[in-house]
Amino acid sequence: MLKVLAEAKAKLRVDQALAEMSDQVDEAHRLRLASLQRADADRNAERRVMQAQIQTLKEALGQAIGVRNGAAPPPPLQTTSDTPAVAPASTPRLRAVIQDFLDSYPKDRKPEMFAKHQAALAPLEALLGDKAVADLKQRDLIDFFDLVQALPRRWAEKCKRRGVSIRALAAEEHDQRLGRKTFTDNYLNPISIFIEKAQTNWQDQGFPMALTTRAIEFKGEDDEGKNKQRAMTTAELRRLFGEVLAPFRDEPAQAHRWWLPVLAFYTGARVNELCQINPQIDVRTSPEGIEHLLITEDTEGDPGIKKSVKTKVQRHVPLHPDLIEAGFLEYVRTVRATGAKLLFPAWRPTNGRASTQAERWFRDLLRDEKLRDDTPGARVVGFHAFRHTLLAMALNSNPAVDAGPITGHVDTTKSGTQRGYEGELNLPNKLKLLSSIQFTFKP
């Protein structure tokens, strides 16, 4: 029986690999065909223009020869109101083409890339306006990418908070601008795919076939690596939890200042993922009796927020036994009894985001308590350091633990197709992973 199961699993892995390879081959063929079609269209357009020019020159030459031989010059072209005018072909607007692209995108199969397309196309439309696509110029694209490279990190949030336009924000001086990876992954690649798709679907309605991003280059300083945070040391954790945060633990009015850092430490979750949790429905017990968090965009949230998950994929995160023993579920029951739909309701939402006030509080606390570290590439400046801390402790456990299924990191060695086949690791196995991490410190 075990042999049959092993053979079945092996066959399933082979089938998954073959399906993934087939998708990759199909995609390569599609891109190659689109490239050939664009090249043919360009050559055909050039050929038609040249043929028209040759015909015009032939006619002019014939008329000139006729005049030289004594023929009367041709009469000027007469037009009358009876001559029917040729109506220009209707051309779609940029907004309609963008919406068509988003509506037809396989968002269920590629949710992460769909989110990037949405985020990149919104400023494209905002900056270029809802112009007719036939009026799009290469200079429009060049100016757009130049402006994007002048934006700071989290520019959309800054624009909304200050009430300024994208163009006005880009014109200001900023200590940190978008890095190469962010520019390429979040703007250049999504816009390139959109243009290719629009040229395929809308060329007959006037979408310019000559538009290209091939020569667009990153011009800024590639300083993204300097902003990376690191894992906190045992000494830093001991001082943070044992001295700085400890007084909040037993004060009901301040308990949120204790439990959010503790929860971040034991889950490695992003701070907004934790702050947006609805204690009424997102803190759950599985059929196996495992206490866990449901991190998702799909359940009801506080009216003041819009739930978001960076990867667009929901996940179940088990609660570490030490977290339960420390009394976290008692805190949840207390908040739940108030009817609150935020796990940490003392921090009110800002601009639809649940974690803004908590993030600001923690950044200020690290600075004031001299726990902040601005070393380039190894910073400790906010909640994200807890994510690095859990992953580092998992990696340095013996044996090492893959904490990706817990933190929600995407396994880039696997395609979206393969991840879709495999689904989410079940909660009992996630709890085994979490429990096997050798924490060198316990709050």
Just to be sure I understand, how many residues within the range 246-270 are among the polar types (S, T, N, Q) and within 25 Å of VAL410 (Cβ to Cβ)?
1
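Checking the conditions here, which among VAL164, VAL148 is farther than 20 Å from LYS306 by Cβ and either in contact (Cβ under 8 Å) with a residue 60 or more places away in the chain or buried (at least 18 other Cβ atoms within 10 Å of the Cβ) (or both)? I'd like the intermediate steps shown before the answer.
Values: VAL164 fails: either in contact (Cβ under 8 Å) with a residue 60 or more places away in the chain or buried (at least 18 other Cβ atoms within 10 Å of the Cβ) (or both).
Just one listed residue meets the conditions, VAL148.
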Against the definition (surrounded by 16 or more Cβ atoms within 10 Å (Cβ to Cβ), basic (Lys, Arg), without any contact (Cβ under 8 Å) to a residue 60 or more places away in the chain and in the same structural domain as GLY206 (by TED's automatic domain parsing)), how does ARG154 come out, yes or no?
no
Go through PHE194, PHE218 for me and flag whichever is outside the structural domain of THR356 (by TED's automatic domain parsing), in a helix (DSSP H, G or I), within 20 Å of the chain's Cα centre (by Cα) and surrounded by 15 or more Cβ atoms within 10 Å (Cβ to Cβ).
PHE194
I'm checking my understanding of the structure. Among residues of the range 350-389 that are of a type in the set (A, V, I, L, M, F, W, C) and part of a helix (DSSP H, G or I), which one is surrounded by the most Cβ atoms within 10 Å (Cβ to Cβ)?
PHE386
Looking only at residues that are in contact with a Pro (Cβ under 8 Å, 6 or more places away or on another chain) and surrounded by fewer than 22 Cβ atoms within 10 Å (Cβ to Cβ) in the range 263-292, which one is nearest to LEU391 (Cα to Cα)?
HIS292
So, first residue surrounded by fewer than 16 Cβ atoms within 10 Å (Cβ to Cβ) in the range 232-250, second residue at pLDDT below 95, Cβ within less than 7 Å, six or more apart or across chains; the pairs are THR234/THR440; THR234/PHE441; ARG238/PHE441
What pairs can you find where one residue is in the range 106-129 and in a loop (DSSP other than H, G, I, E, B), the other is hydrophobic (A, V, I, L, M, F, W, C) and surrounded by 14 or more Cβ atoms within 10 Å (Cβ to Cβ), and their Cβ atoms are less than 6 Å apart, with a gap of 6+ or different chains?
LYS107/PHE114
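The values are calculated or read from the model by the stated rules, or taken from the named source; none is laboratory data. For clarity, every value in this text was computed on a predicted model and none was experimentally measured. Heads up, the Cβs are rebuilt from the backbone with ideal geometry, glycines too, and the neighbour counts pull from every protein chain shown.
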